[in-house]
Amino acid sequence: MESIELSGSPYRVLRLLGKGKGGYSYLVEDNGRQYVLKQIHHEPCDYYQFGNKMESELRDYQRLKDVGIRMPELLAVDRENERILKEYIEGDTIDCLITAGKMKDESVQQVEFMCGLLYPAGLNIDYYPTNFVVRDGLLYYVDYECNAYMEQWDFDHWGRKYWIADERMEG
């Protein structure tokens with residue numbers, strides 16, 4: 001795929017960043033600026049139930065923004081084609097940092113700070129390390145997914161094991 005449109009404006013596709021439960025995220029470019037364009041998909045997911053994915057994405061973005069989670073800004077929405085355009089946060093994912101042996105305690109402290117904002121609001125996010133990028137020492141949650149808080153899916157009971165290199169090797 002060489003280009004993809006959002007509300008009639010073409011964006012040059014540079015590469016696929018990843019595929020998640022709800023869509024494909026592409027690094028795209030327009031007039032020398034880079035963005036993330038997410039295309040919602042409707043592929044089945046055995047372990048997760050969706051309602052309207054587009055509406056969930058937009059609702060979750062607003063909930064996380066209201067709570068104060070550091071994340072990319074939502075820039076544009078194409079409801080008809082189920083696409084969103086968001087700020088590109090350049091940096092390494094937590095997953096890449098763990099694999100390279102460059103994970104810093106500050107990143108864990110920053111996700112724990114996020115938990116301190118989320119839990120009182122009754123929310124969890126997807127703590128999987130590919131959903132977090134470090135830029136200039138700051139941790140960003142680059143997904144917009146959030147769910148009602150459940151202890152079994154919070155950082156300490158689910159997410160932390162993916163953030164610790166030794167536990168990843170055991171699991």
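The values are calculated or read from the model by the stated rules, or taken from the named source; none is laboratory data. This one's a predicted model, so the numbers in the text were calculated from it and none came from an experiment. Here the Cβ positions follow ideal geometry from the backbone for every residue, glycine too, while neighbour counts run over all protein chains shown.
Before we move on, is Gly51 of a type outside the set (A, V, I, L, M), at pLDDT below 90, closer than 19 Å to Val77 by Cβ and out of contact with any Pro (no Cβ under 8 Å at 6 or more places or on another chain)? Against the criterion (of a type outside the set (A, V, I, L, M), at pLDDT below 90, closer than 19 Å to Val77 by Cβ and out of contact with any Pro (no Cβ under 8 Å at 6 or more places or on another chain)), Gly51 qualifies.
If you go through region 65-89 and keep only what is among the acidic types (Asp, Glu) and assigned to a strand (DSSP E or B), you end up with Asp78, Glu87. Which members of region 145-171 meet the condition of being part of a loop (DSSP other than H, G, I, E, B), at pLDDT 95 or above and either polar (S, T, N, Q) or out of contact with any Gly (no Cβ under 9 Å at 6 or more places or on another chain) (or both)? Met150, Asp154 - these are the residues of region 145-171 that are part of a loop (DSSP other than H, G, I, E, B), at pLDDT 95 or above and either polar (S, T, N, Q) or out of contact with any Gly (no Cβ under 9 Å at 6 or more places or on another chain) (or both).
Taking first residues from region 70-99 that are under 21 Å from Arg12 (Cβ atoms) and at pLDDT 95 or above and partners that are part of a loop (DSSP other than H, G, I, E, B) and acidic (Asp, Glu), the Cβ contacts under 6 Å between residues at least 6 apart in sequence or on separate chains come to Glu87/Glu73. Would you check which residues across region 124-139 are surrounded by 20 or more Cβ atoms within 10 Å (Cβ to Cβ) and assigned to a strand (DSSP E or B) and list them? Within region 124-139, Asn124, Ile125, Phe132, Val133, Val134, Leu139 meet the criteria.
In region 100-121 there is at least one residue that is within 27 Å of Glu29 (Cβ to Cβ), outside any strand (DSSP E or B) and free of Cβ contacts under 8 Å to residues at least 40 places away in the same chain.
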